[in-house]
Amino acid sequence: MTNPAAPLDSPKPLAAVRPRAHQRLSRSRRRAGILFALPVVVLEFLLLAVPLGQAFYYSFTRWDGITSSWVGLGNYQRLFADPNFWRVILNNLILLAAVPLAILIPLLVAYLLNEHVLGWRFFRSVYFLPTAISWVVIGMVAIRVFALEGILNAILAGLGLDVQTDFLSGEYSAMLAVAITFIWSVFGTNTIIFITGMATLDREVYEAARVDGASAFTTFRKITIPMLMRFVQFSFILTLITAFTALFSLIFIMTGGGPGFGSTTLEFYVYQQGFKVGSFGYAAAIGIVLFAVVFTISIAQLRLFRSRLD
Amino acid sequence: MRPTRRRLTRLVMFAILCVVAVIMLFPFVLMILTSLRSRDQYIAGSGFSLASWQNLFVQMPVLAQLWNSTVVTVGGVLLILVVSTTGGYAFAKLGFRGSGLAFVAILSGMMIPIQSIIIPVYVDIARVVHGVNQFPSAIVVYAAIGSPFATYLMTTYYRSIPTELVEASVMDGASYWQIFRKVMLPLSVPAITTVAVLQVIQIWDDLLVGLLFLQTPDVRTITVGLAVLQNGRVVNIPTLMAGSLVSALPAIIVYLIFQRNLIRGLTMGVNK
């Protein structure tokens, strides 16, 4: 692949020898470029860009899918005065609070895996396996854990804590159950990200630390974490965006958003208001709020990445 | 003293990893064991039978739903592969006025949550093309959702292929289409596999798009079928667990075969 004789910045030989031929060439090349880019551009324009514009427009209307009437900021005013909306925001904050745990646990486990103890390859495969199953299936199993006759109650009873509650119908425990299931689900993905990151670290640094008598905890805190910052950041953004935009199916199966709005998050509220209540304009406004949140997170992340590269 | 202590540390580490493995494998064990009981045996907590598996095939058109899932998954993945390889080739190797801008615009598609646009998409497809309950609608929506990341992966991959290769082929008189087919596609098989594996699992496991665009029983996917069964009036837990296993199995098989590609696709975002 690398030819030592070739200069690093390859000159354009055609341009030097026959400028006209090169011009013709680059024109046909650009034309080919447009043709090859066309399918993806058209697809994304029609099914992402246009709908986003529509969602934005309809968020200022009362809309039932057929007719719409302009209400200005009405939907947004109604949204911010809606007590259910604030409960929904609180649920998103609960998920946000779960994110550090969803990162820290995989980080610790990846550290152990990286020590290459007996069977670490097997463990790695097992941990990553849930990545392949759907949120629907995960939700099915989670119900059997958190329900009244579920496994968690049995375990608690075994420990002498005979609470016997249906965690999925408690005002706050339902959201907590969703958050715990979420942490379980992203464990494998984050572990893999951190193992990949640790594989890039210099083992000599660890040897040096060991020679200096540093404890495992100290090396983890003082060497592993700082050197892995790039990976921690990546998994943070991935986990947060998963939490805010990928849990629809899990909530749909586990709680249906209830009790009341006890486990309804922004993304679920869009579905609920749109397809259950039929307030398409109001739901569009909620979708725009969700978009604003995700977009802000992504941009902040990009900025962070850029400033690090400079 | 020291070697013993190190061995002890490693033993503790091993024990922790075992506990974590049990927690991660628990759902699979639960699904298998529960599905092997009839409803009465499940309530009684003893005995094994295949009654729930028989019941599953009575309650749910499993094979038809597996077929429907296969149709939308294969269709969606193929469409994603077509647009992401051609797009990646254009952005990485050909270029045109505004290609940089177009590339960034497509990448920013990754930042749009599906829920933010799903209502207009649904209304457009229902009213403009009357496409609800038709496979092509779901396939196109899946492709639109999956293509930004796929295009990003393919573009990054094509950028790593030396441009000289394209230039040399042009001098030999090859057309840009021939270069794409004879040079770029064969070289990018690893990236194509990665995109395909990621998207197969994504689409197979999806609920929302299927729920909205494939509503009637004859076009239902297995994932949607399962969700419908769960929300039904009579909930038969062992049957549900059997259904969960059936729906999870294809994705697990893909995972076991292509684990490496999956990991590569996942971590490609960081190594940029």
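Readers should treat all values here as calculations from the given coordinates under stated rules, not as data from a laboratory. All of these numbers come straight from a predicted model, not from anything done at the bench. Using ideal geometry, Cβ is built from the backbone for each residue, glycine included, and neighbour counts are taken over all protein chains shown.
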Q.
List the residues, sorted by chain then number, that are 5 or more residues from A:GLU115 or on another chain and whose placed amide H is less than 5 Å from its amide H.
A. none
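If you stretched the chain out fully between A:LYS276 and A:LEU159, how much longer would it get, using 0.36 nm times the residue separation minus the C-alpha to C-alpha distance? Write down the numbers at each step before the final one.
Values: separation 117, 0.36 × 117 = 42.12 nm, distance 4.15 nm.
Result for the pair: 38.0 nm of gain on full extension.
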Q. Which residues' amide hydrogens lie under 5 Å from the amide hydrogen of A:THR61, considering only partners 5 or more residues apart or on another chain, with H built in the peptide plane?
A. A:VAL71
Q. Can you give the FRET efficiency for B:LEU8 and A:LEU108, using 1/(1 + (r/R0)^6), R0 = 25 Å, r = Cβ-Cβ distance, to the nearest 0.05?
A. 0.85
**Q.** Residues with amide H under 5 Å from that of B:LEU214, placed H, sequence gap 5 or more
**A.** B:ASN133
Q: For the protein assembly as shown, please report how many Lys pairs fall under 26 Å Cα to Cα, leaving out neighbours fewer than 8 apart on the same chain.
A: 5
Q | Reduced Cα scattering model of the stretch B:2-51, Debye log10 I(q)/I(0), q = 0.16, 0.18, 0.19, 0.33 Å⁻¹ | A | -0.60, -0.65, -0.68, -1.06
Q) Whole-Hz Karplus ³J(HN,Hα) for the stretch B:71-76, in order, using 6.51 cos²θ - 1.76 cosθ + 1.60 and θ = phi - 60°, x for Gly and Pro? A) 4, 5, 5, 4, x, x
Q: Considering Cα pairs under 8 angstrom that are at least six residues apart, work out the relative contact order of chain A and quote it in whole percent.
A: 26 percent
(Q) Averaging over every viewing direction, what projected area does the convex hull of the Cα atoms of the protein assembly as shown cover, in nm²? (A) 32.5 nm²
Q: Starting at the first residue of the stretch B:170-186, write each ³J(HN,Hα) from the Karplus equation 6.51 cos²θ - 1.76 cosθ + 1.60 with θ = phi - 60°, in whole Hz, x for Gly and Pro.
A: 4, 5, 6, x, 7, 7, 5, 5, 5, 4, 4, 6, 8, 10, 5, 4, x
Q. A:TRP70 versus A:LEU90, label points 7 Å from Cα toward the beta carbon: distance in nm?
A. 3.8 nm
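Run the numbers on chain B and let me know its relative contact order in percent, using alpha-carbon pairs under 8 Å that are six or more apart.
Working: 253 pairs, mean separation 82.6, N = 272.
After rounding, I find 30 percent.
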Q. Considering only A:LEU48, A:VAL109, A:LEU38, whose Cα is most displaced toward the positive end of the charge dipole of chain A, charges sitting on Cβ of Lys, Arg (+1) and Asp, Glu (-1)?
A. A:LEU38
Q: Pop a pseudo-label 7 angstrom from the Cα along the beta-carbon direction at both A:ILE151 and A:PHE45 and give the gap in nm to one decimal.
A: 5.1 nm
Q. At what distance in angstrom do the alpha carbon centres of the stretch A:61-135 and the stretch B:187-260 lie from each other?
A. 20 Å
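Within a 10 angstrom radius of each residue's Cβ in A:137-146, how many Cβ atoms of other chains show up on average? Whole number is fine. All intermediate terms of the calculation are to be shown ahead of the outcome.
On the way: counts 15, 4, 5, 14, 9, 1, 4, 7, 3, 0.
Average neighbour count from other chains, rounded to a whole number: 6.
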Q | Packing-based exposure ordering (other Cβ within 10 Å, fewest first) of B:THR155, B:THR216 | A | B:THR216, B:THR155
Q) What list of ³J(HN,Hα) couplings, whole Hz, do you get for the stretch B:192-201 from phi and the Karplus terms 6.51, -1.76, 1.60, once you set θ to phi - 60° and write x for glycine and proline? A) 4, 4, 4, 4, 4, 5, 4, 6, 4, 5
Q) Once you put a point 7 Å from the Cα of B:CYS18 and another 7 Å from the Cα of A:ARG121, both along the Cβ direction, what distance in nm separates them? A) 2.1 nm
Q | Distance histogram in 5 Å bins (all Cα pairs of the stretch A:75-309, percent per bin) | A | 1, 6, 12, 14, 15, 15, 12, 10, 7, 4, 2, 1, 0, 0
